[in-house]
Amino acid sequence: MRYFLDAEYNGFGGELIALALVPEDEGAPSFYAAVECAAPTSWVVEHILPVLQTEPLSRAELADRFAGYLIDDQNPLLVADWPEDIAHAARLLVTGPGRMKPIRSIRFELVDPVLIGPIPPGETPHNARSDAAALRAAVLDYESRMAR
């Protein structure tokens, strides 16, 4: 299945704060979780933390839940509009030197938001689940327009 991915993190190159996957299938449950941010930037304090809408987990628990969410999908495709979102998702699977969470396979796709058209802000900007849902809507709209 295809999942639309968004992540929030603590500034450029910063640690992960929240990650969401919104499946293409509207009937399937989405994934959304956050980790505690020990030293948030002022921008994060103002824009991301107030809209988390979930209690932060430990990084290990977030990684467990993320891998558990994807484990039964034999061919998940995670679609993002920013490379750092993909990097954060991939890093969640790493558990130590030479070790990773069990996952059958996983693919990533990076879409250029300029090519698919403007991605309107999600219902709750800077909330990863809301932003992933907005990405889903924009990509599906673009694909619909291209199929005509």
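Over the chain, Cα pairs under 8 Å with separation of 6+ residues give a relative contact order of 28 percent. The residues of the chain have, on average, 54 Å² of accessible surface per residue, using a 1.4 Å probe with all protein chains present. Antiparallel DSSP bridges in the chain: what percent, to the nearest 5? Of all bridge pairs located within the chain, approximately 60 percent are antiparallel. Entry note, the stretch 8-83: relative contact order of 25 percent, from Cα contacts under 8 Å with a spacing of 6+ residues. As a fraction of the 1.4 Å probe accessible area of the stretch 1-116, surface on carbon and sulfur atoms comes out at 55 percent. Extension gain for THR95-ALA38 works out to 18.5 nm (0.36 nm per residue, less the C-alpha to C-alpha distance).
With θ taken as phi - 60° and the Karplus curve 6.51 cos²θ - 1.76 cosθ + 1.60 applied, the whole-hertz 3J(HN,Hα) list for the stretch 109-121 is 9, 9, 9, 8, x, 5, 6, 7, x, x, 9, x, x Hz, x standing for glycine and proline.
Along the axis of the charge dipole computed for the chain (Cβ charges of +1 for Lys and Arg, -1 for Asp and Glu, origin at the Cα centre), the listed residues ALA90, ALA80, ILE119 are led at the positive end by ALA90.
Amide hydrogen proximity for PHE108: with H placed 1.01 Å from N in the peptide plane, the residues at 5 or more positions away or on another chain lying under 5 Å are LEU78. In the stretch 40-90, the ratio of gyration radius to Kirkwood radius, Rg to Rh, stands at 1.03 when only Cα atoms are counted.
Kirkwood Rh over alpha-carbon pairs of the chain, then Stokes-Einstein at 37 °C and 0.692 mPa s: what D in µm² s⁻¹, rounded to an integer? The Stokes-Einstein estimate is 210 µm²/s.
The values are calculated or read from the model by the stated rules, or taken from the named source; none is laboratory data. These figures come from a predicted structure and were not determined experimentally. Glycine gets a Cβ as well: all are built from the backbone with ideal geometry, and neighbour counts include every protein chain shown. Keep in mind that these areas ignore ligands, DNA and RNA; they rest on the heavy atoms of the full protein, side chains included. Shrake-Rupley method; radii C 1.70, N 1.55, O 1.52, S 1.80 Å.
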